[in-house]
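**Q** Next up is a structure, given as structure tokens.
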There are 2 protein chains.
Amino acid sequence: MNYELFMGEALAEAELALERGEPPNAAVVVVNDAMVARAHDRVQETSDPTAHAVVVALREAARRLRTARLGEATIFVTREPCPMCVGALLESDVEALVYAVPNGSDGAAGTVLQLAQYDGLPRRLRIVSGIRRDEAEELFARATAREVAP
Amino acid sequence: MNYELFMGEALAEAELALERGEPPNAAVVVVNDAMVARAHDRVQETSDPTAHAVVVALREAARRLRTARLGEATIFVTREPCPMCVGALLESDVEALVYAVPNGSDGAAGTVLQLAQYDGLPRRLRIVSGIRRDEAEELFARATAREVAP
């Protein structure tokens with residue numbers, strides 16, 4: 001699978017998120033080398049606290065594939081997901097998580113805690129990190145600059 | 001706040017879930033002693049892997065209150081929530097979680113792991129457990145009996 005290519009789709013979606021006043025969190029769900037869902041954070045737009053990119057993308061993928069079990073799927077995200085989003089990946093039975101930048105605030109795939117590979121839980125995710133990290137870092141730096149601007 | 005009363009609402013909602021072929025997971029969101037949302041699991045019905053009772057109830061509460069921040073809310077659930085659902089409670093800034101029975105499979109409020117009061121994360125939940133536990137256990141026993149029935 002071409003990790004750089006699909007992460008490029010996530011980065012493009014994250015640009016869209018930034019334009020719309022959301023943080024540049026974006027997710028792309030891939031099954032058999034085909035993109036089945038692509039989404040960005042929509043918490044600001046919808047006031048839905050669960051509308052993180054990963055959750056929105058998983059719901060879209062499940063709707064399109066007509067199943068709650070995405071066992072063959074790999075998800076590409078611009079930033080390491082939070083506990084809710086890693087939990088949603090486990091519930092969806094997603095096989096692998098690929099992310100660009102670590103999340104020092106509440107990253108739940110190894111940075112703040114490791115929920116994606118926790119021995120006590122019934123499911124585990126394969127994790128790949130650092131794909132196109134520089135580009136993602138640049139996006140998050142722009143988001144931070146916007147927040148601190150007057 | 002009358003914990004038994006609101007847990008009774010959750011138990012009634014869980015009965016409805018059982019009738020509809022879902023597990024008896026139900027959630028009630030309470031703000032200022034008023035019920036603002038009530039939901040049960042809808043994963044079977046909708047094929048949405050994120051449609052656990054807690055997530056459905058939080059989305060409904062946020063829609064009704066027109067905010068993604070439910071800082072004054074207490075949520076009543078029939079069973080200790082999974083990592084996704086505890087993560088969703090943290091994202092929603094919910095104040096307190098009240099549950100009836102522990103969840104030995106993937107309970108993330110103390111049984112399998114403690115995500116609701118994890119020092120490294122930016123938010124924490126107050127937890128009350130064991131409210132109307134016997135009645136909830138009876139519901140889950142009925143669900144298990146159904147699953148193993150021929």
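Taken together, the values in this text are just the output of simple stated rules run on the coordinates, not laboratory data. Since we're looking at a predicted model, the values are computed, not measured. Cβ placement follows ideal geometry from the backbone for every residue including glycine, while neighbour counts extend to all protein chains displayed.
**Q** Taking neighbour counts of Cβ atoms within 10 Å as a proxy for exposure, in what order, fewest first, do B:Asp33, B:Asp41 appear?
**A** So the ranking, lowest neighbour count to highest, is B:Asp33, B:Asp41.
**Q** Average partner chain C-beta neighbours within 10 Å, per residue of B:68-76?
**A** Values: counts 8, 3, 1, 0, 0, 0, 0, 0, 0.
Across B:68-76, the average partner-chain Cβ count within 10 Å equals 1.
**Q** Sorted by mean Cβ packing within 10 Å, highest first, what order do the peptides A:84-93, B:22-31, B:45-54 take?
**A** Details: A:84-93: 27.7, B:22-31: 25.9, B:45-54: 22.6.
So the order, starting with the most tightly packed, is A:84-93, B:22-31, B:45-54.
**Q** Here's a follow-up. Determine Rg/Rh for the protein assembly as shown; Rg is computed over alpha-carbon atoms and Rh is the Kirkwood hydrodynamic estimate from the same atoms.
**A** Checking Rg against Rh, the ratio lands at 0.97.
**Q** Ranked highest first by average number of other Cβ atoms within 10 Å, how do A:125-132, B:123-130 line up? Walk me through the intermediate numbers first.
**A** Numbers: A:125-132: 16.4, B:123-130: 14.8.
Highest mean packing first, the order is A:125-132, B:123-130.
**Q** Pop a pseudo-label 7 angstrom from the Cα along the beta-carbon direction at both A:Arg69 and B:Asn2 and give the gap in nm to one decimal.
**A** Going by the 7 Å Cα→Cβ label model, 4.3 nm.
**Q** Additional query: Roughly how many debye, to the nearest 20, is the charge dipole of segment B:61-150 about its Cα centre, given +1 on each Lys and Arg Cβ, -1 on each Asp and Glu Cβ, and no other charges? The partial results should precede the final answer.
**A** On the way: 12 positive and 12 negative charges, 75 e Å.
Here the size comes out at about 360 debye.
**Q** Over all residues in A:84-95, what is the mean tally of Cβ atoms on other chains that come within 10 Å of each residue's Cβ?
**A** Mean inter-chain Cβ contacts per residue within 10 Å come to 6.
**Q** For peptide A:49-62, what's the mean number of Cβ atoms from other chains within 10 Å of each residue's Cβ?
**A** 5
**Q** Counting Lys and Arg as +1 and Asp and Glu as -1, each charge on the Cβ, what is the dipole of segment B:1-91 about the Cα centre in debye, to the nearest 20?
**A** Details: 9 positive and 14 negative charges, 80 e Å.
Dipole of segment B:1-91, to the nearest 20 debye: 380 debye.
**Q** 7 Å from Cα along Cα→Cβ at both A:Glu15 and B:Ser47: what's the point-to-point distance in nm?
**A** Rounded to a tenth, the inter-label distance reads 3.3 nm.
**Q** Divide by every residue of the protein assembly as shown the summed helix terms, -39500 (n - 2.57) for each DSSP H run of at least 4, and state the resulting mean residue ellipticity at 222 nm, rounded to the nearest 500 deg cm²/dmol.
**A** Counting only the DSSP helices, I get -12000 deg cm²/dmol.
**Q** Answer rounded, prolate or oblate for segment A:1-99, using the Cα gyration tensor with square roots of eigenvalues a ≥ b ≥ c: rounded when a/c is under 1.5, else prolate when a/b is larger than b/c, else oblate.
**A** oblate
**Q** Still on this model: When the dipole is taken about the Cα centre of the protein assembly as shown, and only Lys, Arg (+1) and Asp, Glu (-1) are charged at their Cβ, what size is it in debye, to the nearest 20?
**A** So the dipole magnitude of the protein assembly as shown works out to roughly 180 debye.
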